[in-house]
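Structure first, commentary second.
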Amino acid sequence: MEVSFATEIELLKLGEGETFRGEGILAVTKALLQSGVSYVGGYQGAPVSHLLDVMVQARPYLDTLGVHVEACTNEASACAMLAASINYPARGAVTWKSIVGTNVAADALSNLASPGVTGGALIVVGEDYGEGASVIQERTHAYAMKSSVWLVDPRPNLETIVRTVEQAFELSEASNTPVIMELRIRACHVQGEFKTRANREPLVSARAPLADPAGFHYERLAHPPVTFGQEKLKFEVRMPAARKFILDRKINELFKGPEDGVHSTVGIIVQGGLYNNLIRALQLAGQADAFGDTQVPILCLNVVYPLVPEQISQFCAGKSRVLVVEEGQPEYIEQEIATLLHRSDLPTRLHGKDMLQSAGEYSTEAILRGLSRFLQGDAVGDSAGDTTAGTALGEITAARTVAQTLLGTPQSHAPGGLTPRPPTFCVGCPERPVFSAMKLVQNDMGKLHVGADIGCHAFGTFEPFSQGNSILGYGMSLASIAGVTPFQQRRPIAIMGDGGFWHNGLLSGVSSNLMNHGDGVLMIMKNGYTSATGTQELVSSPEDTLKLLAGSGSSTHTEMTIESTLTGAGVKWMRTVHNYRVGDMMKTLKEALTSTEKGLKVIIAEGECQLERQRRIRPLNAEKLKRGERVVRVRYGVDENVCTGDHACIRLSGCPSLTIKDSADPLKVDPVAHVNNNCVGCGLCGEVSHAATLCPSFYRTEIVNNPNGWDRFITGVRQFFIRLLAPHGANA
């Protein structure tokens with residue numbers, strides 16, 4: 001079973017005038033239903049995963065509305081779904097994670113934007129940008145400009161987010177153009193409330209089907225020569241219509257501030273998604289309160305593309321200086337505003353990246369530093385606000401210094417400081433033993449080139465494994481070693497998850513390798529789910545999870561496996577090995593690396609995602625305990641009398657539950673290995689010790705709840721012999 005979203009689904013059912021309380025991304029999901037969306041698709045990925053996860057589990061309810069939901073195999077297939085809105089008055093929404101998802105969907109996005117849409121089309125993108133991101137530091141803004149689709153960036157509070165979703169559909173229909181909504185991590189998880197409206201049944205749906213399909217209209221195709229006319233329509237008809245709609249509906253927000261205020265002759269233009277950080281920075285600078293009452297005029301851009309020239313000119317008119325708060329590079333908004341000011345012949349001096357940091361996330365502190373410089377350049381630079389900003393920055397710097405002293409840093413290793421520890425696999429993760437085996441094989445054979453990939457297995461690039469020479473994209477690891485293979489003495493290894501295999505790896509990697517008669521080794525981590533994005537199901541997931549995915553008790557099992565797919569594709573050399581059998585994995589790896597047989601060698605490392613396994617097992621065990629049935633839990637430990645303190649076991653497994661403690665033996669100077677209470681009994685520590693011929697200090701124990709008669713008898717026999725063989729006085 002997967003994570004249950006039963007509580008979230010109930011929030012989707014709220015009616016007219018009720019109060020929704022929850023996080024931003026769920027508010028978006030509710031807003032889609034209030035907007036009369038006909039179909040929803042997408043590819044999972046933080047920070048927008050819950051949108052699709054919740055809707056997939058809410059299928060029985062969505063069926064009553066006529067809303068169609070699909071979990072797509074990648075972002076390109078999700079974007080292609082929006083083709084339904086090209087010809088029909090059907091509102092559609094799809095979602096994916098940030099720039100990496102938009103990269104995958106680029107072709108479909110361009111071919112959707114060129115002919116335009118009839119029904120509203122909305123793409124919800126999780127802008128995974130900044131310090132908390134897990135992707136490259138690029139922005140969706142470039143794609144919006146490139147493909148001429150409109151980009152909304154709502155102010156991070158639930159009322160504004162919901163209103164922007166509804167207005168985005170209207171904007172899309174008013175200008176016949178798809179709209180992208182970008183939501184930063186903080187916006188997706190911001191908590192709040194809003195008054196709900198009743199969910200609308202879609203205009204076109206399975207419950208309200210069209211009598212006939214649309215007739216043939218060549219101008220609706222993204223195909224030359226009609227694309228030449230479509231390009232003119234984008235800028236001569238659609239963009240002016242969009243700008244008029246933005247102005248008429250007042251989507252962008254103006255916070256004027258006091259007319260006679262200290263800083264009334266300056267202004268700030270900010271991306272909507274950064275508004276909360278800006279207000280907090282102004283508050284620290286003494287120029288706003290916690291409720292957004294600002295002393296500095298602000299133009300909040302809930303639509304960051306296209307900009308409305310007359311709105312920008314009107315805001316800047318009469319102001320000596322304006323600061324543009326725009327996250328990331330290049331500074332698209334700042335450059336466009338500079339052009340607009342020049343064309344309007346306005347003398348307003350424009351600031352942006354000259355005051356603020358050139359790249360990186362615009363946290364409150366980052367904005368405060370630039371804001372302090374901006375306000376100090378005012379004609380009344382000795383105002384109380386500027387002094388307050390400097391004081392706040394000084395306090396932040398002092399607090400950081402204290403924290404670094406107390407915690408220590410990787411560079412200083414301050415006494416008593418925390419030892420830096422890289423991110424790693426979950427306790428009991430089935431992918432950890434594979435990297436342990438690879439590390440042991442490289443100890444025997446020498447270094448290997450490893451093509452890493454997106455997914456949980458990317459943690460293998462961190463210590464203690466440090467394996468991976470490149471990460472090019474989801475499912476692209478095998479393709480990434482194509483140019484490396486010919487000049488390597490040893491075959492390189494490509495690591496790929498089953499999620500990456502179905503997303504892109506089968507075509508870009510396996511098919512390409514077979515077509516070009518390539519060599520090399522492909523390691524597929526078959527854990528049953530797209531685990532790194534929240535353990536969503538795949539076409540090859542276990543049957544029970546696919547039943548849940550269907551939202552019914554009927555089986556949707558396709559009997560499609562990775563093994564059968566590879567066999568059908570023409571792979572000749574293929575082995576399936578259980579992940580936790582480190583010795584078997586080492587033997588198979590060496591065979592693949594040294595085989596005289598040419599062609600692709602595929603090793604399928606099979607082991608269920610430990611998170612999903614625990615979610616499945618724990619409720620079952622809890623029910624057994626309630627019924628008084630026998631339950632056995634396996635734990636591992638270290639006999640500290642045997643442990644020598646070498647700690648090679650830790651260096652080869654990196655399991656968070658395997659740590660150290662001081663030895664009770666005063667003659668042992670070094671701390672001994674220790675297994676803490678987080679252990680899930682996967683057995684990797686013992687397997688690694690055996691495969692690496694380490695000390696035999698690990699032991700396996702079984703914890704039995706509600707033991708039966710045989711358990712009690714065996715325990716009694718063991719205790720008898722232990723007492724019999726124990727040295728005299730040891731039992732005292």
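Could you check Ala452 against (1) open to solvent by 30 Å² or more (accessible area, probe 1.4 Å); (2) in contact (Cβ under 8 Å) with a residue 40 or more places away in the chain; (3) closer than 25 Å to Ser540 by Cα and say which number it fails?
Result: Ala452 passes all but (1).
For the stretch 217-270, which residues satisfy the criterion of being in contact (Cβ under 8 Å) with a residue 60 or more places away in the chain, hydroxyl-bearing (Ser, Thr, Tyr) and not assigned by TED's automatic domain parsing to the domain that holds Leu109?
Residue satisfying the conditions is Thr265 alone.
Against the definition (farther than 27 Å from Ile161 by Cβ, assigned to a loop (DSSP other than H, G, I, E, B) and of a type in the set (A, V, I, L, M, F, W, C)), how does Ala208 come out, yes or no?
yes
On the given criteria, is Thr73 of a type in the set (S, T, N, Q), over 21 Å from Thr533 (Cβ atoms) and open to solvent by 10 Å² or more (accessible area, probe 1.4 Å)?
It is false that Thr73 is of a type in the set (S, T, N, Q), over 21 Å from Thr533 (Cβ atoms) and open to solvent by 10 Å² or more (accessible area, probe 1.4 Å).
Quickly run through the stretch 461-502 and pick out the residues that are under 14 Å from Gly518 (Cβ atoms), among the aromatic types (Phe, Trp, Tyr) and in a loop (DSSP other than H, G, I, E, B).
Answer for the stretch 461-502, where residues must be under 14 Å from Gly518 (Cβ atoms), among the aromatic types (Phe, Trp, Tyr) and in a loop (DSSP other than H, G, I, E, B): there is none.
Which of the residues that make up the stretch 497-525 are surrounded by 22 or more Cβ atoms within 10 Å (Cβ to Cβ), under 22 Å from the mean Cα position of the chain (by Cα) and not aliphatic (A, V, I, L, M)?
Gly497, Asp498, Gly499, Gly500, Phe501, His503, Asn504, Gly505, listed by residue number.
Answer yes or no: is there a residue in the stretch 136-143 that is basic (Lys, Arg) and within 16 Å of the chain's Cα centre (by Cα).
Yes: one or more hits.
Name the residue that is surrounded by the fewest Cβ atoms within 10 Å (Cβ to Cβ), counting only residues in the stretch 277-313 that are among the hydrophobic types (A, V, I, L, M, F, W, C) and closer than 13 Å to Leu254 by Cα. If you could, list the steps in order and put the result at the bottom.
First, the residues of the stretch 277-313 that are among the hydrophobic types (A, V, I, L, M, F, W, C): 278-279, 281-282, 284-285, 288, 290-291, 296, 298-301, 303-304, 307-308, 312.
Subset that is closer than 13 Å to Leu254 by Cα: 296, 298-301, 303, 312.
Numbers: Val296: 25, Ile298: 24, Leu299: 20, Cys300: 25, Leu301: 30, Val303: 26, Ile312: 24.
If we take residues in the stretch 277-313 being among the hydrophobic types (A, V, I, L, M, F, W, C) and closer than 13 Å to Leu254 by Cα, then Leu299 is surrounded by the fewest Cβ atoms within 10 Å (Cβ to Cβ).
Suppose we keep only residues that are in a helix (DSSP H, G or I), in contact with an Asp or Glu (Cβ under 8 Å, 6 or more places away or on another chain) and aliphatic (A, V, I, L, M) within the stretch 236-276. Which one would you say is surrounded by the most Cβ atoms within 10 Å (Cβ to Cβ)?
My answer is Leu274.
Would you mind telling me which numbered condition in (1) of a type in the set (Ser, Thr, Tyr); (2) open to solvent by 10 Å² or more (accessible area, probe 1.4 Å); (3) part of a helix (DSSP H, G or I) Thr102 fails?
Answer for Thr102: the failing condition is (2).
Tell me which residues, restricted to the stretch 1-25, are part of a helix (DSSP H, G or I) and open to solvent by less than 10 Å² (accessible area, probe 1.4 Å).
Residues satisfying the conditions are Leu12, Gly24, Ile25.
Of everything in the stretch 683-732 that's assigned to a helix (DSSP H, G or I) and touching a Leu at 6+ places or on another chain (Cβ under 9 Å), which residue is modelled with the highest pLDDT?
Leu684
Given (1) open to solvent by less than 10 Å² (accessible area, probe 1.4 Å); (2) in a helix (DSSP H, G or I), identify the lone condition not met by Asp53.
(1)
Taking helices (runs of 4 or more DSSP H) that fall entirely within the stretch 294-398, which contain at least 1 residues that are under 33 Å from the mean Cα position of the chain (by Cα)?
332-344, 364-376
The values are calculated or read from the model by the stated rules, or taken from the named source; none is laboratory data. These numbers come from a predicted model, not from an experiment. So basically every Cβ, Gly included, is an ideal-geometry build from the backbone, and we count neighbours across all protein chains shown. Heads up: the accessible areas ignore ligands, DNA and RNA and are worked out on the full protein's heavy atoms, side chains in. Shrake-Rupley method; radii C 1.70, N 1.55, O 1.52, S 1.80 Å.
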